[in-house]
Amino acid sequence: MSLSIEHFLDIDDLSAAELETVLDRAEAMKSGADDAQLPQQTLGMLFEKPSTRTRISFETGMTKLGGHAIFMGPEDIQLGHGEPLKDTARAASRYVDGIMARLFAHEDIETIAEYSEVPVINGLTDDAHPCQTLADLLTIRERFDEDVSVAWVGDGNNVGQSFVIGCALAGIELTVATPPDYGMDDDVLDRAAEIGNPPAVTTDPTEAIEGVDVVYTDVWVSMGQEDRREEKLAAFEGFQLNETLLAGSDAKVMHCLPAHRGEEITDAVVESDRAIVWDQAENRLHAQNALLVELLG
Ligand code: CP
Ligand code: NVA
């Protein structure tokens with residue numbers, strides 16, 4: 001089965017069956033299935049924000065697939081000097097076979113998709129990070145059976161929002177614990193409910209992690225929120241993944257990285273055997289390569 005979608009802007013662009021197809025292919029590619037499947041194809045990569053994992057995994061991913069990737073920071077191209085996004089999308093898509101973009105406003109990736117003649121992949125916006133969710137679901141599936149239970153503890157941010165919807169699609173039992181006023185958008189919870197598997201929602205991290213197999217967190221201050229740092233650090237007191245909160249739990253710990261050690265998670269937890277964060281990071285490569293083959297192949 002190949003994908004019915006034109007672009008991958010959030011995880012629920014995929015149906016549950018399509019999500020499974022991508023994860024199956026990712027698993028096969030990780031196990032060594034032939035991966036030179038996009039010879040001479042080029043992925044244009046547009047970054048408004050910094051990145052380690054997304055940039056490296058897409059760039060090496062395209063090399064492994066037999067193609068090539070072009071990095072474009074805003075200052076490198078005319079976009080940073082006044083050329084409208086829609087013109088950038090129209091021109092770039094006359095050259096490349098796919099566009100991956102990491103942007104601030106989610107509407108901007110919708111604009112690129114509207115004007116692009118080739119598939120567009122969301123490499124993170126303020127609202128969503130679906131490529132991370134693909135890697136996260138692959139990581140969970142590698143270690144647990146379908147009865148797995150997961151808690152998201154922390155900010156209702158881009159990574160969390162795509163993860164909520166991804167868990168709904170994958171049939172994973174999820175509890176979300178955020179401080180009051182820092183929860184997931186209503187629209188995200190509605191979409192999870194429409195899929196038929198909404199998360200349980202609480203403001204109590206201790207309650208959320210009770211008996212779960214996996215606890216997932218992300219930074220409290222996302223890229224672009226630096227001026228809200230003081231306010232957010234105060235609001236998230238008690239939500240840190242540390243040895244006290246996790247005492248009595250044998251849950252594995254996930255984090256999309258980069259981690260802000262001493263804020264949402266301690267150094268000891270990141271360095272402990274609980275942490276499966278490096279598997280998550282590696283799985284970006286396999287999950288995205290599977291997506292690229294399904295979308296561009
Ligand atoms: N998790 C993630 O997207 O990492 P980068 O910001 O390093 O790309
Ligand atoms: N929520 C974080 C994720 C980084 C990969 C951010 O947007 O900065």
Here the FRET efficiency for ALA91 versus THR60, based on Cβ atoms and R0 = 22 Å and rounded to 0.05, is 0.25
Tell me, Kirkwood radius of the chain from alpha-carbon pair distances, in Å?
-> 19.4 Å
In debye to the nearest 20, the charge dipole size for the range 18-168, taken about the Cα centre with +1 at each Lys and Arg Cβ and -1 at each Asp and Glu Cβ, equals 440 debye
In whole Å, largest first, what are the principal axis extents of the Cα atoms in the range 116-222?
-> 47, 33, 26
How large is the dipole of the chain about the Cα centre if only Lys and Arg carry +1 and Asp and Glu carry -1, each at its Cβ, rounded to the nearest 20 debye?
-> 1020 debye
Helix-only [θ] at 222 nm, the chain, -39500 (n - 2.57) per DSSP H run of 4+, per residue, nearest 500, equals -12000 deg cm²/dmol
Please report, in whole Å, how far the alpha carbons of the range 159-224 spread along each principal axis, starting with the longest.
-> 32, 29, 18
Efficiency by 1/(1 + (r/R0)^6): what FRET value for ALA105 and GLU75, r their Cβ-Cβ distance, R0 = 25 Å, to the nearest 0.05?
-> 0.85
Degrees, to the nearest 10: 186-195 long Cα axis against longest axis of the chain | 80 degrees
Cα gyration tensor, the range 50-203 - rounded (a/c under 1.5), prolate or oblate = prolate
So how far, in whole Å, is the C-alpha centre of the range 53-94 from the one of the range 127-156?
-> 27 Å
At a Förster distance of 30 Å, what's the computed FRET efficiency of GLU83 paired with ASP34, Cβ-Cβ distance as r, to 0.05?
-> 0.15
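Every number in this text was worked out from the coordinates using simple rules, so none of it is lab data. As the structure is a prediction and not an experimental result, all values here were calculated from the model. Virtual Cβ from ideal backbone geometry, glycine too; neighbours counted across all protein chains shown.
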